[in-house]
Every structure is written in structure tokens, then in C-alpha cells.
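The values are calculated or read from the model by the stated rules, or taken from the named source; none is laboratory data. Bear in mind the structure is a predicted one, so any value in this text is a computation, not a measurement. With ideal geometry, Cβ positions are generated from the backbone for all residues, glycine too; neighbour counts draw on all protein chains shown.
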Ligand code: ACM
Ligand code: ZN
């Protein structure tokens with residue numbers, strides 16, 4: 001005989017299990033209040049659409065992009081609900097009755113705009129482009145309840161959306177710590193769920209060279225590995241463990257394709273002329289002193305940068321970028337340009353000779369050496385234009401006299417971005433405060449994984465406005481969008497990356513999709529737990545505490 005206590009225990013366990021298994025009940029209703037919030041959700045007078053496994057997912061015959069979209073929607077529905085829907089090419093709109101259909105409609109506004117129409121008879125996800133349809137698919141996916149179901153009721157409605165900004169970025173530093181191709185793909189999955197469309201992939205730095213370059217094999221053979229890593233924030237203790245890795249060109253092509261299938265463009269960064277010690281360890285002749293150099297084991301900024309007095313250095317840069325340009329089909333290549341001390345150039349006879357040959361003279365507060373960096377940047381800009389590419393670089397480029405075809409990434413606050421836009425540069429806003437996601441998410445850091453510092457809370461990210469008030473109307477179009485940066489000095493494993501970006505990516509998504517007057521933090525917080533259920537579904541790590549309103553979020 002069971003004791004009373006045992007009976008109660010069994011009852012409690014049963015009660016906990018039953019709701020999770022009860023499938024096909026009225027509890028399984030879609031909710032279109034997702035993140036980022038659609039621009040409009042209009043109810044339609046019609047009964048619900050009953051989504052079951054018997055429905056098909058239609059796509060226009062012969063359209064490979066739409067076929068992939070259909071397969072992806074099928075996969076998402078299966079992951080969310082356990083229902084497996086088949087996909088089918090269709091020739092006529094008559095076939096859309098009773099099913100879920102993906103359609104192209106050139107009346108829809110915006111390259112990535114979408115419209116979802118749900119009636120009792122059908123669900124249509126339309127976009128002007130397959131990229132727009134993909135965004136609509138993300139919305140439908142997030143609307144579904146998580147958990148096995150035999151039927152999900154979709155309330156009749158028309159749902160529309162279009163992103164406010166064309167550049168919706170996330171950055172990932174795979175140098176300071178190296179992450180597997182699978183981890184990078186999961187990062188891309190996370191971005192897709194949040195409606196992001198640019199991955200800025202930081203591939204080279206002082207602490208490692210992570211992209212295979214066929215012409216310079218030592219870059220990865222030697223530059224891909226360091227003989228130890230400082231513990232913590234440049235402590236005197238070094239772990240002494242050899243650490244490294246790199247992506248082969250084949251792996252890179254595979255990741256580029258994986259991202260493109262999710263309408264995400266990868267922007268590779270080859271940082272120059274600073275942050276180049278890993279390359280100089282492999283090819284010491286690239287530096288002013290000739291080395292020897294070691295792949296760096298500490299964090300920060302070193303005085304050793306590329307020597308621009310040597311023709312070989314420029315040839316090296318061109319050769320590397322030629323291979324990079326062919327690996328990454330996107331229009332932009334990031335050439336860094338940040339944190340380049342010029343002390344070596346000041347004392348290098350070759351660099352000084354180059355300055356004289358080029359007739360470079362200091363101008364105003366721009367030293368001759370600053371303008372030498374401008375010379376490199378312009379050289380690279382012209383070289384890459386031969387490959388149909390444009391350069392993007394950190395805001396230090398504004399101090400190097402580069403022309404306005406260079407896009408500026410504003411990281412030292414929002415001011416350089418506003419200044420760049422005034423001058424006619426396109427700009428991506430990524431100010432440390434609040435868009436460095438390697439910063440802490442709370443002021444109460446004692447129980448947080450080690451971070452760079454700072455305090456960029458979910459609310460600060462949500463409240464960020466990419467377009468400065470003072471920017472005149474005719475310059476506002478230069479603000480292409482914004483991006484969060486994830487430097488990985490202190491981020492050593494994939495769950496830690498996810499913890500740093502989730503749920504802050506959700507707040508950034510709403511910054512980038514909604515007009516300022518459409519944003520509402522309280523409402524966002526109410527929608528967030530449903531998004532977090534999807535994080536849980538995929539076993540993504542996230543900062544659950546950020547779901548609690550801030551004043552209750554103190555330790
Ligand atoms: C940067 O954070 N050094 C761009
Ligand atoms: Zn030099």
C-alpha cells in the first residue's frame with residue numbers, strides 16, 4: 001500500500017507530465033506577438049486555420065530558393081510541434097487551398113518585407129523576395145507553441161512586417177578563442193531566429209590567424225597557434241597550453257553557404273595594419289623590426305604592426321585579400337584599421353622613406369603616420385574594387401583621410417558614426433555602450449561569467465537608437481543599421497557565447513526592425529518568455545535572469 005505521502009507524490013508527478021503530453025487540445029494556439037514584433041497584426045473574420053500533419057507546404061515550382069524555404073519551414077514546424085508536413089511544388093494558386101503556401105508578391109514593400117495571411121482555408125507566407133518569405137517563416141515559426149501537438153490553431157489574421165534597417169548585424173571573434181564550424185552554424189541559426197542578416201566574422205588578430213590562405217600556408221601552420229594564454233585580464237599567470245585552430249577554405253565555403261541559405265551575408269574581417277602579430281609570427285619580414293614575433297598570449301594592443309615601407313607587405317595584403325574576396329561572395333570586406341599604434345612607423349627607416357616617396361605631410365591633427373594608414377586603406381580599397389568589393393572598417397579610418405566609399409563601423413561611441421554620416425560615409429553603429437555583448441549584462445557581476453567589463457543591460461540595448469537626433473534628414477540614410485560585437489578574450493566556450501548574446505540579441509532585433517515609436521520595453525518583456533522557450537527547445541544557453549524586470553533583478 002502506498003502511504004498518503006507517496007500518493008501525493010505520484011499525483012504531483014502525473015500532473016506535471018500530463019499537460020506536456022496532452023496533444024491536439026485547445027491549448028495549442030499560435031500567438032503572433034513575437035520578437036521582433038510584426039509591424040501590423042490585423043484580425044480577419046474567419047475561423048482558425050487548423051495546422052496538422054496532413055497539411056502540405058507549397059512553394060512555386062522550379063524556384064530553388066523557395067524550395068529551400070519550404071524545407072526550412074517544415075523543419076521548424078517539426079522542431080516546434082513534432083508534426084511532419086511534406087513540401088510540394090505548385091503550379092497554380094488554386095492549389096493553395098487547405099495548405100500552407102509560400103509565395104512571391106512584388107507588391108510587398110521592401111526587399112525583406114513579408115505578409116502572412118491566415119484564414120480557415122489557408123496560410124500564405126508572401127514576400128517580394130525569397131529573403132522576405134524567409135523572414136515571414138521566422139515569424140510563423142516563433143508564433144507556434146513549443147511542445148508536441150497533433151493540431152495547432154492559427155487565429156485568422158493578416159500579419160505584415162518589414163525591417164527598419166537593411167544591416168542587422170552580429171559579430172563573432174573566432175580568434176581570441178576558436179569555435180568549431182558547428183558552433184558558428186548554431187550562431188547563424190540564432191541570428192536567423194532573430195531576423196538578423198549580417199555576420200561580421202573576425203578571423204585574424206594578434207592571438208591567431210584562423211583562415212586558410214593557400215599562398216601563405218604558414219599563416220595557419222604557425223599563426224594559427226599560440227603557446228599559452230594569459231589567465232583572466234592579462235594576469236601574470238599563463239596557462240602554458242598550446243591553443244589554436246583555423247577554418248579550411250572548404251569549411252569557410254560551407255559556412256558561407258549555410259549562412260546564405262538563411263539570408264545572412266558574412267563579412268569577413270582581416271584586421272590591418274594592427275592586430276597582425278599572428279601573421280608576423282609566421283612571416284616576420286612583414287613587421288618593421290623583422291621580429292622574431294610570437295603569436296600573442298595576452299590581450300590588448302601591441303606596438304608591432306605591419307611595415308608599410310616594404311613592397312612585400314603590400315603584395316601580402318593583396319594576395320590574402322584576393323583569396324578572401326573569392327571565398328566570401330558578399331559585397332563588403334572588413335579591413336579593421338582599429339588600434340594601430342604608429343610608434344614603429346615613426347622609427348622605421350623604410351616606413352619613413354615611404355612617407356617621403358609618397359609626399360605625405362601631416363595635416364591638421366592627422367600625423368604623416370596616420371595618413372600612411374590612409375594610404376594603405378586607399379590602396380586596399382582600390383584593389384578590392386577590382387573584385388567588386390567595398391571596404392568597411394573601424395571608426396579610426398575617419399582619422400586617416402579615406403574616401404567616402406568606405407563604410408565606417410562606429411565603435412568608440414556613437415559620435416564617430418554621426419560624424420562619418422555627416423561626411424557622407426555609410427555607417428554601421430556598434431558603440432561599445434551598449435552594443436558590446438562581451439560586456440556584463442548587469443551591474444551585479446559577482447555571479448556572472450567573467451566578461452570584459454562594463455554593464456550593457458537588456459534595457460540599455462532595447463533603448464538604443466542608431467540614428468542620432470542631430471543628424472540632418474538628408475544624412476540619415478547613411479546609417480545602414482547596427483551590430484552587436486562579441487569579442488572572446490574571456491569567452492572560452494560556445495555556451496558562454498550564447499549566454500552573452502541571449503537575450504540581448506532579442507532587444508537588438510527589435511531596435512533594428514521597429515520604428516522608435518513602436519518600441520515598448522514592458523511589452524517586449526512580456527513577449528520574451530515565449531522566445532526563451534525556443535532557446536530552451538534548442539538547448540541554447542541564455543541569461544534567464546534578464547527576463548525578470550530590472551528593478552527586481554538586483555541581487
Ligand atoms: C575594437 O573593439 N577594437 C574595434
Ligand atoms: Zn616599417
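The lone criterion from (1) within 16 Å of ligand 1 (Cβ to nearest atom); (2) farther than 15 Å from residue 382 by Cα left unmet by residue 335 is number (2).
Residues of segment 269-297 being away from ligand 1 (no atom under 15 Å from the Cβ) and touching a strand residue (DSSP E or B) at 6+ places or on another chain (Cβ under 9 Å), which ones?
Those that are away from ligand 1 (no atom under 15 Å from the Cβ) and touching a strand residue (DSSP E or B) at 6+ places or on another chain (Cβ under 9 Å): 278, 279, 280, 281, 282, 286, 287, 288, 293, 294, 295, 297.
Which one is nearest to ligand 1 (Cβ to nearest atom) among residues in segment 349-374 that are farther than 15 Å from residue 275 by Cβ, in contact (Cβ under 8 Å) with a residue 40 or more places away in the chain and buried (at least 20 other Cβ atoms within 10 Å of the Cβ)? Write out each step before concluding.
We begin by selecting, within segment 349-374, every residue farther than 15 Å from residue 275 by Cβ; these are 349-372, 374.
Filter once more, so that each one left must be in contact (Cβ under 8 Å) with a residue 40 or more places away in the chain: 349-354, 372.
Those still in the list that are buried (at least 20 other Cβ atoms within 10 Å of the Cβ) too: 351, 354, 372.
Values: 351: 22, 354: 25, 372: 20 Å.
It comes out as 372.
Condition first: within 16 Å of ligand 1 (Cβ to nearest atom), part of a loop (DSSP other than H, G, I, E, B) and modelled with pLDDT of 95 or more. Can you find one or more residues in segment 305-326 that meet it? Yes, some residue in segment 305-326 is within 16 Å of ligand 1 (Cβ to nearest atom), part of a loop (DSSP other than H, G, I, E, B) and modelled with pLDDT of 95 or more.
Return a yes/no flag: does segment 485-494 have any residue that is under 30 Å from residue 40 (Cβ atoms) and either in contact with a strand residue (DSSP E or B) (Cβ under 9 Å, 6 or more places away or on another chain) or modelled with pLDDT of 95 or more (or both). Taking every residue of segment 485-494 in turn, none turns out to be under 30 Å from residue 40 (Cβ atoms) and either in contact with a strand residue (DSSP E or B) (Cβ under 9 Å, 6 or more places away or on another chain) or modelled with pLDDT of 95 or more (or both).
Is it the case that residue 382 is away from ligand 1 (no atom under 16 Å from the Cβ), surrounded by fewer than 19 Cβ atoms within 10 Å (Cβ to Cβ), in a helix (DSSP H, G or I) and in contact (Cβ under 8 Å) with a residue 40 or more places away in the chain? Judged against the criteria, residue 382 is not a match.
Can you say whether residue 358 is over 20 Å from residue 219 (Cα atoms) and away from ligand 2 (no atom under 11 Å from the Cβ), as far as the supplied structure shows?
On the way: over 20 Å from residue 219 (Cα atoms): yes; away from ligand 2 (no atom under 11 Å from the Cβ): yes.
Yes.
Suppose we keep only residues that are part of a strand (DSSP E or B) and closer than 23 Å to residue 528 by Cα within segment 453-501. Which one would you say is nearest to ligand 1 (Cβ to nearest atom)? Steps first, answer last, please.
Taking segment 453-501 and keeping what is part of a strand (DSSP E or B), we get 479-485.
With closer than 23 Å to residue 528 by Cα added as a condition, the list becomes 481-485.
Working: 481: 17, 482: 14, 483: 11, 484: 12, 485: 6 Å.
So the residue we want is 485.
Among the numbered conditions (1) in contact with a helix residue (DSSP H, G or I) (Cβ under 7 Å, 6 or more places away or on another chain); (2) closer than 18 Å to residue 504 by Cβ; (3) at pLDDT below 95, tell me where residue 401 comes up short. All conditions pass for residue 401, except number (2).
For the residues 382, 373, the requirement of being within 16 Å of ligand 2 (Cβ to nearest atom) and more than 25 Å from the chain's Cα centre (by Cα) singles out 373. Annotation: of all residues in segment 301-311 being under 28 Å from residue 490 (Cα atoms) and surrounded by fewer than 21 Cβ atoms within 10 Å (Cβ to Cβ), the one that is nearest to ligand 2 (Cβ to nearest atom) is 303. In segment 542-555, the qualifying residues are those that are assigned to a loop (DSSP other than H, G, I, E, B) and surrounded by fewer than 17 Cβ atoms within 10 Å (Cβ to Cβ), and the one that is modelled with the highest pLDDT is 548.
So, of the residues in segment 432-450 that are assigned to a loop (DSSP other than H, G, I, E, B) and within 15 Å of the chain's Cα centre (by Cα), which turns out to be nearest to ligand 1 (Cβ to nearest atom)? Result: 438.
Here's the yes/no breakdown for (1) surrounded by 14 or more Cβ atoms within 10 Å (Cβ to Cβ); (2) modelled with pLDDT of 95 or more; (3) out of contact with any strand residue (DSSP E or B) (no Cβ under 7 Å at 6 or more places or on another chain); (4) under 30 Å from residue 462 (Cα atoms):
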{"residue": "37", "(1), (2), (3), (4)": "yes, yes, yes, yes"}
{"residue": "43", "(1), (2), (3), (4)": "no, yes, no, yes"}
{"residue": "49", "(1), (2), (3), (4)": "yes, yes, no, no"}
{"residue": "72", "(1), (2), (3), (4)": "yes, yes, yes, yes"}
{"residue": "80", "(1), (2), (3), (4)": "yes, yes, yes, yes"}
{"residue": "90", "(1), (2), (3), (4)": "yes, no, no, no"}
{"residue": "95", "(1), (2), (3), (4)": "yes, no, no, no"}
{"residue": "112", "(1), (2), (3), (4)": "yes, yes, yes, yes"}
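So which residues in segment 394-431 are within 22 Å of residue 273 (Cβ to Cβ), within 12 Å of ligand 1 (Cβ to nearest atom) and assigned to a loop (DSSP other than H, G, I, E, B), if there are any at all? Those that are within 22 Å of residue 273 (Cβ to Cβ), within 12 Å of ligand 1 (Cβ to nearest atom) and assigned to a loop (DSSP other than H, G, I, E, B): 411, 412, 430.
Have a look at 350, 344, 298 and point out the one that is farther than 30 Å from residue 230 by Cβ and either within 16 Å of ligand 2 (Cβ to nearest atom) or part of a loop (DSSP other than H, G, I, E, B) (or both). Spell out how you get there, then give the answer.
Working: 344 fails: farther than 30 Å from residue 230 by Cβ; 298 fails: farther than 30 Å from residue 230 by Cβ.
After applying the criteria, what remains is 350.
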